[in-house]
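Remarks on the structure that follows.
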Amino acid sequence: MKKVRVRYAPSPTGHLHIGGARTALFNYLFAKHYDGDFIIRIEDTDIARNVEHGEENQITGLSWMGIDADESPSRPNPKYAPYRQMERLEMYTEIAEKLVEMGHAYKCYCTTEELEEDYEKQKEAGHASTRYNLKCYHLSEEEKKHNEENGLEYTIRLHVPENKTYEFDDLIRGHVSFESKDMGDWVIVKQNGIPTYNFAVVVDDYSMDITHVFRGEEHLSNTPKQLMIYEMLGWEAPTFGHMTLIVNEDHKKLSKRDESIMQFIEQYEKAGYLPEAMFNFLSLLGWSPASEQEIFTHDELVEQFDEKRLSKSPSMFDKDKLTWINKEYLKKLSDEEMIAFCKPYLLNNEDTKHQPDEWLNAIVLLFREQIGYGEQIVELSTLFTTEPELSQEVMDVFEWETTPTVIESFLKNFPKDYTPENLKELMNVVKKETGIKGKPLFMGVRAVTSHQVHGPDLNSTLVLLGEDKVKARCQAYLDEKA
Ligand code: GLU
């Protein structure tokens, strides 16, 4: 059997999108499962859409997730290099000329205006889809010579064979077929000499010995065009697998403008998701293991990946599931690692950045079971940094008959040194002095000092609120009651 070689072929047009990351991941898992090679090739022929750092964003984003390529622009295998399409133009020109010589392709001198006018006419005549009118396919030798001599600009078009069926067994979709009569002659090389995607991709996949292609379903209808070229050149085509869409919670296709979901891998990194969690989560977005297991290491996924279990129906991007998975990975961090991971968010936040180190560490540890992603610590910390509006529940506790008695005794016996041990002792003293215990005691202190009825362990809450705030809130409460 041939060595498995797959590729992820992004256009360097922005940041690494969730959809791209998933495509890369499935190709990677497939390659590694079969001891094959995973290749990154940059499809940069749409020059106007390329952005600075576009290639770097893709590669560093994947590398952050733990997906490193065996071959890429910066890690070329001389046998297959270069890995950027714009550096491979000669190869495309050569093959395009060959197709012209073979009679499968021809130069088309029609201008954009002419083409548009003709498509317009076809529409008016009621054609459901428009296609090239074959004018240049039928040029006489004389006309061709004349155009050549006058140096007219041209594209190269592929002539679509008549009455042919293009079919293939898609690893995900099963048997798929397309009729050639539904396709018009299409451009393989643009006027500027740059190949179109459907042409370049064939030359590259073939010359890089790609054996399998997993890509988004938007490319399904491109596949017959690509198969046409493989057939004309007598090249063996790779095996294709077209993955289904990723949809949001409203079952709409994930789009870069969708604000309900963070779209780019970098955003997840910034928000404090762990790379292992992203790797794990994305692997379940359109693929399912044979068991009920949901948390997998990198190596377990490589081992268990089975292309036959790729989903045939759209996969929903479930944010809560991602956060749950991330939490599972955060739980594995030691206290020190958790502090190191979360503290930068607090140091970046106006309300917490000036707090002493012990305070920052304590707050991370206090919430460590609740933190779903690093940045969430900031929101959780607001319990100690802001003046929350008093909820009805809090005000109800204020009205309990026992609360003033509890708070009075709490203030009266306030310790000199504000330490966790002394605070614990203080609660005992209050209990003894007032005879009030259990919920009326603890809830009373919690509501008056933190202005919340829920929250982490009371002793830690008091420590983190700090002496001044605790005293001031108790005093204010008693003044109000007086
Ligand atoms: N550059 C194409 C894309 O980003 C690659 C398609 C393919 O994998 O063939 O969609």
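For segment 420-467, a residue qualifies if it is within 44 Å of the chain's Cα centre (by Cα) and among the basic types (Lys, Arg), and exactly one does: Arg446. All conditions but one from (1) within 13 Å of the ligand (Cβ to nearest atom); (2) free of Cβ contacts under 8 Å to residues at least 12 places away in the same chain; (3) not β-branched (Val, Ile, Thr) apply to Pro238; the one that does not is (2).
Of all residues in segment 170-210, which are out of contact with any Ser or Thr (no Cβ under 9 Å at 6 or more places or on another chain), free of Cβ contacts under 8 Å to residues at least 40 places away in the same chain and of a type in the set (D, E, K, R)? Correct list: Lys181 only.
For segment 365-482, please list each of the helices (runs of 4 or more DSSP H) lying entirely inside it that holds at least 2 residues being touching a residue at least 60 places away in the same chain (Cβ under 8 Å) and basic (Lys, Arg). So that I can check it myself, show each step before the final result.
On the way: elements: 376-385, 392-399, 402-412, 420-434, 438-450, 458-465, 467-481.
Result: 467-481.
In segment 368-377, the qualifying residues are those that are modelled with pLDDT of 95 or more and of a type outside the set (A, V, I, L, M), and the one that is nearest to Cys342 (Cα to Cα) is Gly374.
The single condition among (1) charged (D, E, K, R); (2) more than 13 Å from the ligand (Cβ to nearest atom); (3) under 23 Å from Met1 (Cβ atoms) that Asp250 does not satisfy is (3).
Here are Glu269, Glu236: which of them is surrounded by 15 or more Cβ atoms within 10 Å (Cβ to Cβ), in contact with a helix residue (DSSP H, G or I) (Cβ under 8 Å, 6 or more places away or on another chain) and modelled with pLDDT of 95 or more? The match here is Glu269.
Of all residues being more than 9 Å from the ligand (Cβ to nearest atom) and over 24 Å from the mean Cα position of the chain (by Cα) in segment 205-220, which is farthest from Pro78 (Cα to Cα)? Just the residue, please.
Step one: list which residues in segment 205-220 are more than 9 Å from the ligand (Cβ to nearest atom), which gives 206-212, 217, 220.
Filter once more, keeping what is over 24 Å from the mean Cα position of the chain (by Cα): 206-211.
On the way: Tyr206: 16, Ser207: 12, Met208: 11, Asp209: 13, Ile210: 15, Thr211: 19 Å.
Here the answer is Thr211.
All of (1) more than 19 Å from the chain's Cα centre (by Cα); (2) away from the ligand (no atom under 14 Å from the Cβ); (3) hydroxyl-bearing (Ser, Thr, Tyr) hold for Thr45 with one exception: (2). Output the residues belonging to segment 109-150 that are in a helix (DSSP H, G or I) and not charged (D, E, K, R). Residues satisfying the conditions are Thr112, Leu115, Tyr119, Gln122, Cys136, Tyr137, His138, His146, Asn147. Does Lys225 count as assigned to a loop (DSSP other than H, G, I, E, B), within 15 Å of the ligand (Cβ to nearest atom) and either free of Cβ contacts under 8 Å to residues at least 60 places away in the same chain or not acidic (Asp, Glu) (or both)? Answer is no for this residue. Tallying residues that are assigned to a loop (DSSP other than H, G, I, E, B), aliphatic (A, V, I, L, M) and surrounded by fewer than 18 Cβ atoms within 10 Å (Cβ to Cβ) within segment 151-193 yields 1.
For segment 287-313, taking the residues that are among the hydroxyl-bearing types (Ser, Thr, Tyr) and either in contact (Cβ under 8 Å) with a residue 40 or more places away in the chain or surrounded by 14 or more Cβ atoms within 10 Å (Cβ to Cβ) (or both), the one that is nearest to Asp169 (Cα to Cα) is identified as Ser311.
The values are calculated or read from the model by the stated rules, or taken from the named source; none is laboratory data. Fair warning: this is a prediction, and the values are worked out from it, not measured in the lab. Neighbour counts run over all protein chains shown; Cβ positions are idealised from the backbone, glycine included.
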